[in-house]
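In what follows, a structure is listed as C-alpha cells, so that the remarks can point back to it.
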Amino acid sequence: MELRKAIGSRRSYRFLRPYRPVEPEKIQRMLEAARLASHWGNVQSLRAVVVFRDSAPQETLDAITAPIAGFQFKLAPVIIIWFLDTTAVDEQSDRLRELLDAGALGFGEGKKQALEEQLIPIFESIREQLKEPGLGEVDCGQGIAQATLMAIEQGLGTCC
C-alpha cells in the first residue's frame with residue numbers, strides 16, 4: 001500500500017474482531033517500523049509490551065483493562081502498550097559508540113575523536129535534563145505513528 005493511501009485510510013477503530021487472530025509477524029513488522037523511527041541522539045527510548053489475548057493469563061488481561069479502560073481493549077486480539085523508557089538516556093554514549101563502530105555514524109578520520117571529545121560530553125552534561133518531558137515523547141509519537149501506518153499497510157486496524 002502506498003504511504004498516501006495508508007495515511008488517508010488510517011482511523012481509530014472502535015469495533016474490533018476478537019475472533020480474528022493477528023499473525024505475530026505482523027506485530028513484529030509494526031515493532032520494527034517503530035524502531036526505525038528517528039530518535040534524537042539515537043537514544044531509542046520507545047518500548048512496547050505486546051499482549052496476545054489468546055495466550056495471555058487472565059491476570060494480565062485484567063491488569064491492563066482497568067488502567068486503560070475502553071471497550072476496545074476487552075475485544076482486541078492484540079494489545080500493544082507503548083511507553084517511554086527514560087533510562088535509555090543512560091546508555092546513549094554506548095549506543096553512539098556502537099553505531100560508530102558499525103559505520104553508521106560519522107565520517108572522516110577524526111570521527112571517533114569528535115564523538116568522544118565533543119558529542120558525548122555534551123550529551124552527558126545534560127543527561128538528567130534529557131530525561132525530562134520533551135524530545136523523548138515526540139520521538140515516541142513518531143515511532144507509534146510509523147507502527148500504526150505499518151498496521152494499516154498490513155490490513156490491521158488500530159485504536160490509539
Inset, instruction - Under 18 Å from a label point 7 Å along Cα→Cβ of Phe71: give me every residue in the range 121-160 with its amide N that close. - result: 157-160
Legend entry - the range 73-142: GluC sites (Glu not before Pro) falling in loop per DSSP and having at most 13 other Cβ within 10 Å: Glu109
Inset, instruction - Pull up the cross-link candidates among the aspartates and glutamates for Lys74, meaning alpha carbon to alpha carbon under 15 Å and not fewer than 8 places away within one chain. - result: Asp54, Glu59, Asp62
Legend entry - Candidate lysines - alpha carbon under 28 Å from Lys112, same-chain residues fewer than 8 apart omitted: Lys131
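Taking the Cβ of each residue in Glu59, Glu132 as the centre, tally the other Cβ atoms inside 10 Å and list the residues starting with the fewest.
Numbers: Glu59 7, Glu132 10.
Listed from fewest to most nearby Cβ atoms, that is Glu59, Glu132.
Based on the Cβ-Cβ distance from Trp82 to Ser125, what FRET efficiency comes out when R0 is 41 Å, to the nearest 0.05? Intermediate values should be presented prior to the final figure.
Values: r = 29 Å, r/R0 = 0.71.
The pair Trp82/Ser125 has a calculated efficiency of 0.90.
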Legend entry - Per-q log10 I(q)/I(0), the chain, q = 0.09, 0.15 Å⁻¹ (Debye; single scatterer per alpha-carbon; no solvent): -0.39, -0.90
Inset, instruction - Sticking with the crude label model, points 7 Å out along Cα→Cβ, report the distance from Asp54 to Glu116 in nm, one decimal please. - result: 5.3
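Can you put Leu3, Leu99 in order, fewest other beta carbons within 10 Å first? Before the final figure, lay out the partial values.
On the way: Leu3 10, Leu99 14.
The fewest-first ordering by Cβ neighbours comes to Leu3, Leu99.
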Inset, instruction - Between Glu132 and Tyr19, take the C-beta separation as r, use R0 = 41 Å, and let me know the FRET efficiency to the nearest 0.05. - result: 0.40
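So for Ser55, Ser38, Ser93, fewest C-beta neighbours within 10 Å to most, what's the order? Spell out each step's value before the answer.
Details: Ser55 7, Ser38 10, Ser93 18.
Fewest-to-most Cβ neighbours within 10 Å comes out as Ser55, Ser38, Ser93.
With +1 assigned to the C-beta of every Lys and Arg and -1 to the C-beta of every Asp and Glu, and no other charges, what is the dipole magnitude of the range 3-153 about the Cα centre in debye, to the nearest 20? Mind showing how you got there, number by number?
Details: 19 positive and 21 negative charges, 235 e Å.
Computed about the Cα centre, the dipole is about 1120 debye.
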Inset, instruction - Would you work out which of Leu149, Gln129, Leu46 lies farthest towards the positive end of the dipole of the chain, given +1 charges on the beta-carbon of Lys and Arg and -1 on that of Asp and Glu, about the Cα centre? - result: Leu149
Inset, instruction - Sort out for me the Cα centre separation of the range 26-44 from the range 129-158, rounded to whole Å. - result: 8
Legend entry - Residue of Gly110, Gly141, Gly41 that the Gaussian network model of the chain assigns the largest fluctuation, springs spanning Cα pairs under 10 Å: Gly110
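Computed from the coordinates by the stated procedures, all read-outs in this text should not be read as laboratory data. Since we're looking at a predicted model, the values are computed, not measured. FYI the Cβ positions are ideal-geometry reconstructions off the backbone, even for glycines, and counts take in every protein chain you see.
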